[in-house]
Amino acid sequence: MTDIANKGNFNKDKTEQIKTNTVYNNCPSCGPGANPLLTPYPGYPCINYKYYPTYMYVPQYAYPEALRLIVESVSGEREDELFYNYMLNIAPPEQKEIVASIRDDEIKHNKMLRELYWQLTGKEIATTQKDTFRPPSGYCNGIKKALFGELAAVERYRKILFGLEFLPYRNMITEIYTDELKHGSKWNYLYTINCSCQTPKGIQEITPYR
């Protein structure tokens, strides 16, 4: 009889615990076993995470980083200009049009980002004249740097996108990062036809170009 009563109490406690978990699932300050939420959503202070934190996808939190990355993206305009001039000078004649199309897109991106920053903040991004450009050692090395730079740019623009709520601004960033994906395919094509038959000299760390 006692065993039956204890079993009943156990099942009751278990049922109450399930109900508690259900009720307090979105309130980390209530109930046992709930983890305190360091960065709640604006207006939703009791959201809890089960598998992965998602606050970094909230525009209010991502916005300051988005502004910083916009400035970072246009800070190397002069270096970009020198890089593309170098690549155009050494590219085979039949490939110059491809490199020029990428360069023209990057010029457009700089203008779009400057306009976006001005609309968001009312401020201009200061133009830096610092010349840190070092020509890559050959056409293939330049292609590799550019390719990995495009991949890094996609990740950067994705973070900028997280910080923007206004649809036209999001559309601008979408245009930019899809251009970067297109550029990556073009650089990959140029690498394939120019460099893929070269004998590797071991694994080397590649410093991405912007």
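Summary of values
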| quantity | calculated |
| --- | --- |
| Fewest-first sequence of SER137, SER73 by Cβ atoms within 10 Å of each Cβ | SER137, SER73 |
| Cα shape, segment 120-159, gyration tensor, a/c 1.5 rule | oblate |
| Cα-based shape type of segment 116-200, given that a ≥ b ≥ c are square roots of the gyration tensor eigenvalues and the cut on a/c is 1.5 | oblate |
| Per-residue Cβ neighbour rank within 10 angstrom, fewest leading, MET112, MET56 | MET56, MET112 |
| Backbone HN-Hα couplings from phi across segment 84-96 [Karplus 6.51/-1.76/1.60, Hz, Gly and Pro as x] | 5, 4, 4, 5, 5, 5, 9, 5, x, x, 6, 10, 4 |
| Whole-angstrom gap from segment 53-92 to segment 97-122, using each part's C-alpha centre | 10 |
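Where a number appears in this text, it was derived from the coordinates with a stated rule and is not lab data. Because the structure is a prediction, the values reported are computed rather than measured. When we count neighbours, we look across all protein chains shown, and the Cβ atoms used for this are built from the backbone with ideal geometry, even at glycine.
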